[in-house]
Amino acid sequence: ERKYNSDHVERLEKRIRQAEARNKSLADELSRARSNADAVSSSQAREPSAPWAHAKSPDAVSEVSYLSINAAGERQPYLGSTSGVLFADLIRSSVSSTVQSDLTPTFSSPGGSEPNSIVSTTQVATVIRKVDDLPPQALAQKLVAAFLDHENIIYPFLYPFFLLDTLEKVYADEDYYVSHASPFEVFILNMVFAIASAHVAKFDWQLLPSAESHQARAFAEMNHVLSHGSVESLQCLLLICIWRTTSSIKDYSTSMWHTVGIAVRMALELGLHRESAYPIKHARELDDAKLSQYRHQELGRRCFWCVIAMDRITSYILGRPLGIRDDDIDTALPLVESDTLLTRPLASTVAGMQRIAIFNKIVQYRLFCGKLITSLHRKRGPDVSIEDALRLRDELADELDLWYSSLQELQLPDNATSADGEQSCYLSPTWYEVLYANATLMIWRPCPFLSDITNDRHTLQRIYDSAIHAINTYAILHRSRLINYSWVTLQSVFMAGLSYIYAGL
């Protein structure tokens, strides 16, 4: 008799649930189609329709709404202008005047489950720890190394020595994981396994266990790790956010909007947005006690800026207000000089570049995107003239060009690889070209601040060129296996496609 392990059974159960949800969605669509069949037939008899009026694929507004809301685990249908749903609606109305506009639609998820199938993370049952749940040691080391060489570059809120030390203790003593490891250690390790699986699977997918199994074991410890409201709890929330941005678009485990919001409020409660929370300014000539305090305070600083980056991403995708404004922040970015001390035993440089310098550049980009949200994607007041509005847009474009030019300081290599021969997209110049193209599209495409201004040929050309560049660079990154398509990436690609259509209308 053939025996199946728990991972195999869990994967089958998940596929069954997804198939059932898909069947229900298709049954609902079939029912609606049959009920409208007579109306459609009579409409066709009365007047001819445009060729695109009866296309079977969902319209652009529903696609943007699905990528922005459902893939993010959202419950509410509100979307703002940066999400692209208003932009998609504008394009739809330009293509066919027969389609009724609905700027913030309530919809059924195309290709996904209905809202009542969303499963809250609080419903995850408690799992008894078992040594057999851990991957083989060689694979575990590979997953941790993949996390440190990829996610840890742009979200450096976990110190490498903590991860490596925990990994060593777990595999050195079988009883440690079952009986002695803290809930925090179990949560962190399993979430790192889950997140890294998605990255390593691009190269070795047949050898990896289900990432969802690691995630479920981590979530079983969630009540313990989130109850303290400490920096450690903030680290756990950030891992959940990373999991949500890298996992499948059909994962409804939690809402990004609410998770990031909790992280922002926790950071505010800890005072991490104020420089006064970091009293030790230099790490030179510190005794062991002071050095420990310095490491802990700088961990809080890194956590805070990771939260800000997550907040800007989520606010942009969903078109919602920022969780914390730039004016409320006076915390400095992490010092490059401190990285050598804080990242040991991991090298502070990767491919000849300071890891924290890469992080700081990306945070500066996220802050700029937040500035775009608050500047262009709001209504223009009566005291702001059209000339002032256009001048602001030009200044933002110049600021973006300045950021892009400053990337030369990183000296990004054409082919930066890790010790295993695998390359992180965050070390590739192509990835930064995508960021630049996406921000350019956000500046020049229609927005509420300039809603009464007709785009001229120069503006349309900027939109067209940036859209083409974004689509091509995404294709290069995907062919090179430098990125996996998550819901965040798909939303950006879809918006680039809509921008291309808009500029060509």
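Among the residues of the range 439-461 satisfying the criterion of being without any contact (Cβ under 8 Å) to a residue 60 or more places away in the chain and surrounded by 20 or more Cβ atoms within 10 Å (Cβ to Cβ), which is nearest to Ala389 (Cα to Cα)? Looking at residues that are without any contact (Cβ under 8 Å) to a residue 60 or more places away in the chain and surrounded by 20 or more Cβ atoms within 10 Å (Cβ to Cβ), I get Trp444. So, of the residues in the range 293-336 that are in contact with a Leu (Cβ under 9 Å, 6 or more places away or on another chain) and polar (S, T, N, Q), which turns out to be nearest to Pro448 (Cα to Cα)? Applying the filter and picking the extreme gives Ser315. Scanning the range 377-397 for residues that are of a type in the set (A, V, I, L, M), at pLDDT below 90 and either within 30 Å of Met310 (Cβ to Cβ) or not assigned by TED's automatic domain parsing to the domain that holds Phe449 (or both) yields a total of 1.
The residues in the range 144-166 that are of a type in the set (Asp, Glu) and farther than 23 Å from Phe304 by Cβ can be counted, and the count is 2. Annotation: of all residues in the range 464-489 being farther than 26 Å from Thr454 by Cβ and in contact with a Leu (Cβ under 7 Å, 6 or more places away or on another chain), the one that is surrounded by the most Cβ atoms within 10 Å (Cβ to Cβ) is Trp487. When Ser492, Ser405, Ser499 are screened for being of a type in the set (Ser, Thr, Tyr), in a helix (DSSP H, G or I), over 27 Å from Leu143 (Cα atoms) and in contact with a Leu (Cβ under 6 Å, 6 or more places away or on another chain), only Ser499 passes.
Out of the residues in the range 369-388 meeting the condition of being surrounded by fewer than 19 Cβ atoms within 10 Å (Cβ to Cβ) and in contact (Cβ under 8 Å) with a residue 60 or more places away in the chain, tell me which one is nearest to Glu409 (Cα to Cα).
Ser375
So, Ala277, is that one at negative phi, small (Gly, Ala, Ser) and at pLDDT 95 or above or not? Considered against the rule, which asks whether it is at negative phi, small (Gly, Ala, Ser) and at pLDDT 95 or above, Ala277 comes out as no. Consider the range 338-376 and keep the residues that are polar (S, T, N, Q) and assigned to a helix (DSSP H, G or I). The one that is modelled with the lowest pLDDT is Thr340.
Count of the range 136-158 residues, restricted to those that are assigned to a loop (DSSP other than H, G, I, E, B) and buried (at least 19 other Cβ atoms within 10 Å of the Cβ), is 5.
Scanning for something within 19 Å of the chain's Cα centre (by Cα) and on the phi > 0 side of the Ramachandran plot, does the range 475-485 turn up at least one residue?
Yes; the residues of the range 475-485 include at least one that is within 19 Å of the chain's Cα centre (by Cα) and on the phi > 0 side of the Ramachandran plot.
Can you say whether Ile471 is aliphatic (A, V, I, L, M), in contact with a Gly (Cβ under 8 Å, 6 or more places away or on another chain) and at pLDDT 90 or above, as far as the supplied structure shows? Yes; evaluated as a whole, the condition is true for this residue. In the condition set (1) outside any helix (DSSP H, G or I); (2) over 25 Å from the mean Cα position of the chain (by Cα), Ala289 is compliant with all but (1). Number of residues in the range 377-391 that are among the aliphatic types (A, V, I, L, M) and assigned to a loop (DSSP other than H, G, I, E, B) equals 1.
When residues in the range 269-288 are screened for being more than 15 Å from Arg302 (Cβ to Cβ) and either surrounded by 15 or more Cβ atoms within 10 Å (Cβ to Cβ) or among the acidic types (Asp, Glu) (or both), 5 of them pass. Screening Ile501 against (1) closer than 24 Å to Asn360 by Cα; (2) in contact (Cβ under 8 Å) with a residue 60 or more places away in the chain; (3) of a type in the set (Val, Ile, Thr) leaves a single unmet condition, (1).
The values are calculated or read from the model by the stated rules, or taken from the named source; none is laboratory data. These numbers come from a predicted model, not from an experiment. Reconstructed Cβ throughout: ideal geometry from the backbone, glycine too, with neighbour counts over all protein chains shown.
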